[in-house]
Structures are given as C-alpha cells and as structure tokens.
1. Please list, or write none, the lysines whose alpha carbon is within less than 17 Å of the alpha carbon of K339, excluding same-chain residues fewer than 8 places away.
2. Quick check: residue separation of R332 and D431 times 0.36 nm, minus the Cα distance between them. What number comes out in nm?
3. Between R474 and S324, take the C-beta separation as r, use R0 = 30 Å, and let me know the FRET efficiency to the nearest 0.05.
4. Report the calculated FRET efficiency for V66 and L197 (r = Cβ-Cβ distance, R0 = 56 Å), to the nearest 0.05.
5. Separation between the R269 and L310 pseudo-spin-labels, each 7 Å from Cα along Cα→Cβ, expressed in nm?
6. If I model a spin label at T293 and E359 as a point 7 Å from the Cα along the Cα→Cβ vector, what separation in nanometres do I get?
7. So, in nm, how far is label T24 from label L152 when the simple model puts each one 7 Å beyond its Cα toward the Cβ?
8. Rounded to the nearest 0.05, what FRET efficiency do D234 and M35 give with R0 = 35 Å and r taken as the Cβ-Cβ distance? Could you check?
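Each reported figure results from applying straightforward, stated rules to the coordinates on display, with no laboratory input. Computed from a predicted model, the values in this text were never measured in an experiment. Glycine gets a Cβ as well: all are built from the backbone with ideal geometry, and neighbour counts include every protein chain shown.
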Amino acid sequence: MMRRFSLSQRLTLLFILLLMLCATVACVVQMYTSMQYGNAMVQRLSGGLAQQIVQREPILDAQGQVDRSALKPLLDRLMTFNPSVELYVISPDGELLADAAPPGHIQRQKIDITPLQTFLSGAAMPVYGDDPRSAGKQKVFSVTPLRQDGELKGYLYIILQGEESNALADMAWHKALWSTALWSLLLVALFGLLAGLLVWYWVTRPVKRLTADVTGLEQDSISAIKHLAAQTTDLTSGDEVTLLRNTFIELARKIAVQWDQLADSDRQRREFIATISHDLRTPLTSLLGYLETLSLKSATLTPQEHQQYLATALRQGQKVRHLSQQLFELARLEYGGIKPQRERFAMGELISDVAQKFELTARTREVNLHIDLPGPLPLVNADVSMIERVVTNLLDNAMRHTPTGGEIRLAVWQENEQLQVEVADNGSGVDASLRDELFQRPSALNSQASRENRGGLGLLIVKRMLELHGGGIRLMDSVSGARFRFFVPL
C-alpha cells in the first residue's frame, strides 16, 4: 500500500507517525513525572502525620497491647477529619492489628515492613508501601514506631492517598489525560501539516523538477540531454538532492560532448568515404580508359604507343592497389586488428637501415641524406616493423617533396623517458591551411590539390601506429620545408 503513495506523502506520513510517537512518549513521561512529583510532595508534607497522632492520641494500653474495640472509634474519628488518609496499626512483623476500613475492603492482612524501615531511615521520597485495601498496589505513606519501655510493639501506618483520594485523582487524571491527548493530536496535526509543506518545498519540489528533467530523456533524448547539460550546477548547496542534480547535469554534459564527437566522427567518416571514392575513381577511370583504348585500337597503335598505354594503365593500377592497401591497413589499426609485437631494439640502427633503402633514390635525385646519431642511446621496446613503417613513410614523403639538390636530415636523441626522432627537409613545406587537418582523415570538402599535398593516408597511418605504442607525432615550425618529429616511450 505504501508503494501507491508519493514521496511527499510518505515523508509527511512518517513525520506524523514520529510526532505521534513523540507526543505519546512525552505524555507518558509527563504523567509519570507529575505523579512522582505529586506523591513526593504529599509524602513530604504529611510524612510526620503518624508521629503527631501518636504524640496526641494513645494507641497502646498500659500493658502495651492494642485494644481494637477502644482504638476503632479513634481511627474512625481521625479518618472523619481527613478522609483522604487510611490508618492502620501494624505488628512488628507486618501483621494488621487494627483498621477503620469498612467490612470487605481489606484485601491482605500482612504487609511488607521493608518500605517502612526504608522510610524511617530517611530515604529519598517518594517511598511506596503496601496498600492493605489492594492486593497489588503500593502507595505513599506515613509511619511511626509504637514503643513502650523501649520495646517495639508495632507501627502506626497511614496510607496518605486512600480510596476516596484515589477516586478523585483518577477523575482528575482522566480529564487531564483526555485534554493532553486532544492537544497532542491538534499539535501533531499542525506540525504534520507544517512538516508536509516543508517536505514539499525542500525535498519533493526539487525531486519532482529533477524527475521531470530526467523523464524527458525518454521522449526526446538528445534534445533533453542537451537542455539538461545547458543548466547551471549549484555548488553552494550540499544537500543530497542538489548533489544528485549536479551529477545528472555533469553526466548530461559528458553525453552531449560524446554525442557531438560521434556526430563529428560520423561526418568525417562520410567525408572520408567520399574522398576515397574520388581518389579510387580517378585512377580506375584512367586505367579503364587506357585498357579500353588498347582493346579498341590495338590494331592501329604503334608498338611505342602500345607500350606507353600499358605503362600508364600499370601505374594507375598500382595507385589503386597502394590506396586499397592503405585503406585496409588503416581500418585494421583503427579497429584493433593490429597489435604491436614489442621487442627491444636500437633506434639508431633502424634509422640507418631505412636510410640505406633510399640511398639510390637520393643519389638519383641529387638529394643529400644526412643522419645525426649521437652517442649510445637506450633500447626501445616497440614493434620493429611498425616503427620501420613510420620512418619509411616520413622519409618517402620528404624524398618526394624535396627538390633536386635539396637536403633531408634525420636526427635521433633521448629526451626524458622518450626517444625523439625528427625527419626534416628543405622542400616546399606544408601549407598553413593544412596544418590542423594534417593527421586527420581526408575530407571531401578539400580541393584536389590539397589532398595531393597531404600525402594520402600515410601520415594518418603513422599517427595510429605511434598511438598504439603510447607515442605521438607533430609538425614542427620550420623556416623552409617540413619538419616532422615523433617520439616513442622507452
């Protein structure tokens, strides 16, 4: 049944129950303390009553015996003057010797004398003793010993709150109880209503507002997420509802950022597909055109033209194969199909080996290839084939963009816990408009000239390979030519 109630209703009901419990406990405590206080006051005010009676009225005869027939009129007279008290004469062991009770009112003929001795010893009040007119009740009393010639003959035992006093007290208590209960219910209702309003204002209202914001995610998710992410966080409050709202806002901001990144990645993917389709279509169209020409005019072409057309078709086919291999390799790198097979090797030796493969090309184009290797360098823990591919791509780009008589420089050095490698040339360099997108996927929005100057997919493959090793690459500022620097952690 509680599940049908809202949060504010549950909290209000809980506050009302707690207030009712507190009011009940307060009433019980108040009644108990009031009763204890009243009994203590009655006993303090009338504690010497028994002693005063003994001093003024004879209780024992000359032989030290209790004459019940002579004592009864005295007890009746005393109870007539003060009907709230009940007088008894008790033997030293607690036997009831004389009383003024109506017939049938005495419920026990012997009482416990321990409370009497406690009272006579001066203990803290109230002290309760057995009531002869009740089988199980105890009441405040006054008592004094009855002695003759120094010998204890008994006790004058006075119950200070007799049956009539109890009847009047019960009536008063019932009226007070009903009055207290009525006021308690009114106060509980008043404070329960106030608690409900405060709960609604401080707890339920923020929770409902947060619930409305979060519920909107089911209807129009991304718009609701961005709307929630645009809200400001409250850093001044420390209550749990505000902290929960701040957490939802931060989560919505992260989701919105990730959504924008996914949207941008999807846009780049589509542009990349369009660019690659264009780059594949160009050599394929040329390849098919020359093959079709050879097929249709093979009988009329001279051997030199025939050889020229075949060579052109072969070059275009090699371009298609090279681009398809790069696409396949890039896809494997981006989607985890290639894992580095790490081993320790010397970076300087790898640089020298890669440079030897370009010596013939460098001599042919009259390019000065200079390698700067300092003293002994620490070994790196990386995939040899991947790092070789990185150096080869960078050196091939430098070789293709360096003019005749130019210079290419390779340098290796240690910096902190990294091994830095730099490939620099004095060629035409990289256009300023291409620097920001140099290591990104090619876009269909770029011009054909720009795509050609980017070096195809080689730089993107280089970046992915280095990222798999925890490294990176960047284009450094240079007066002339291009200067690429990458690092690999040791």
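1. K463
2. 32.7 nm
3. Computed FRET efficiency for R474 and S324: 0.60.
4. That pair, V66 with L197, gives E of 0.20.
5. For R269 paired with L310, the spin-label model returns 4.4 nm.
6. Placing both labels 7 Å along Cα→Cβ, they lie 4.0 nm apart.
7. It is 4.6 nm.
8. That pair, D234 with M35, gives E of 0.10.
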